[in-house]
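Reviewing the structure listed below.
The values are calculated or read from the model by the stated rules, or taken from the named source; none is laboratory data. Quantities reported herein were computed from a predicted structural model and do not represent experimental measurements. Heads up, the Cβs are rebuilt from the backbone with ideal geometry, glycines too, and the neighbour counts pull from every protein chain shown.
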Amino acid sequence: MTSGEAVVHHVTAEQATQTLAALLRALLPGQSWAQVRKLIAGRRVMINGNLCLDPARRLKEGDVVKILPHSAPKPPTHEDITIRYLDGQIVVIEKPAGLTTVRHPEEADWPARRKQLQPTLDELLPRIIARYENRRPARGKLPRIRPVHRLDRETSGLMVFARTAEAERHLGLQFRKHTIHRRYLAIVHGAPKEQTIDTYLVRDRGDKRRGSTTLQGVGKRAITHVKPLERLGPYTLVECRLETGRTHQIRIHLAEKGHPLCGEKVYNQPLFQPPIPDHSGAPRLALHAAELGFEHPTTGAYLHFEMPLPPDLQTFLDRLRRQARSK
């Protein structure tokens, strides 16, 4: 398969429980088992936005399988992760795009060699901390970290991890009380107005995608404060401040207002309608966690961090600015 566009397929009920290799053979007539396995090993197949290197992966109804026209880039390594703050209670890091926060439950039993092909942030970070603290783990025991929130694989930006049970409880309470300060930068289609989006999100809006519902007593409340910062021709740089932190909240809210993120591959499709074309040329999902502020779990001091756009999104933004000025 060498076409210039990705092939996207939603797994049906009849195809559920099939292996990835079996599905690809059905989707790609004429491809042998060896060719299908080579396609997977060549980093050209994704499931639900995550690269999959396992031809025997069992599929579920609603899984989104994408066959890429070219190999996906190698995953980030420990050298791509920057520690901004570290003590015995917490660690604040700059997460690069292309790295999943924690491993999917279905991948938990993968052998170590297989996990190394697609590491996750929670697997890389303990070794980074040990190196940062200049200590050799006794008997291979690495420093423990406790995730308290997540960023999507293609989202870059600031994250905090707890290192103790006490810190985990305290940070978790701040997240539940919505006192954590989180400001994101996003580049979206169209020209959204300044607004507060307040909806209730459900796991399945009717087409196996997350979305908002109007049914009473259903879903989890999600509040996003949106502020446009710069018009870029047919696109806009916006600031999003989270009051709650639901899965894919910013992506869903902006898409439902008719302003999907540049690089969006999941929520660019209104319910039961065709996808919204994306001609922006975004290198990935244009979403970045630019600010993070919270109360230290033991000292009570307020900690605040900022992170500029990483090079890929800054280059993308600069290109949109030049294009807007030239028109």
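Lys60 satisfies every condition listed in (1) over 22 Å from Arg169 (Cα atoms); (2) charged (D, E, K, R); (3) not in a loop (DSSP other than H, G, I, E, B) except (3). Checking the stated criteria, Gly172 turns out not to satisfy the condition of being among the small types (Gly, Ala, Ser), more than 16 Å from the chain's Cα centre (by Cα) and on the phi > 0 side of the Ramachandran plot. Taking region 140-155 as the range and being over 11 Å from Lys95 (Cβ atoms), basic (Lys, Arg) and in contact with a strand residue (DSSP E or B) (Cβ under 8 Å, 6 or more places away or on another chain) as the test, only Arg146 passes.
In the set (1) over 27 Å from Glu264 (Cα atoms); (2) modelled with pLDDT of 90 or more; (3) outside any loop (DSSP other than H, G, I, E, B), the condition left unmet by Lys66 is number (1). The residue list Ile93, Ile81, Ile40, Ile47 contains one member that is under 19 Å from Arg150 (Cβ atoms), without any contact (Cβ under 8 Å) to a residue 40 or more places away in the chain and not acidic (Asp, Glu), which is Ile47. Annotation: of all residues in region 283-305 being in a loop (DSSP other than H, G, I, E, B) and free of Cβ contacts under 8 Å to residues at least 40 places away in the same chain, the one that is surrounded by the most Cβ atoms within 10 Å (Cβ to Cβ) is Pro283.
Working only within region 184-198, note down all residues that are among the hydrophobic types (A, V, I, L, M, F, W, C) and within 18 Å of Glu243 (Cα to Cα). Spell out how you get there, then give the answer.
Going through region 184-198, the residues among the hydrophobic types (A, V, I, L, M, F, W, C) turn out to be 185-188, 191, 197.
Residues satisfying the conditions are Leu185, Ala186, Ile197.
Of everything listed in (1) at pLDDT 95 or above; (2) in contact with a helix residue (DSSP H, G or I) (Cβ under 9 Å, 6 or more places away or on another chain), the single unmet condition for Gln269 is (1).
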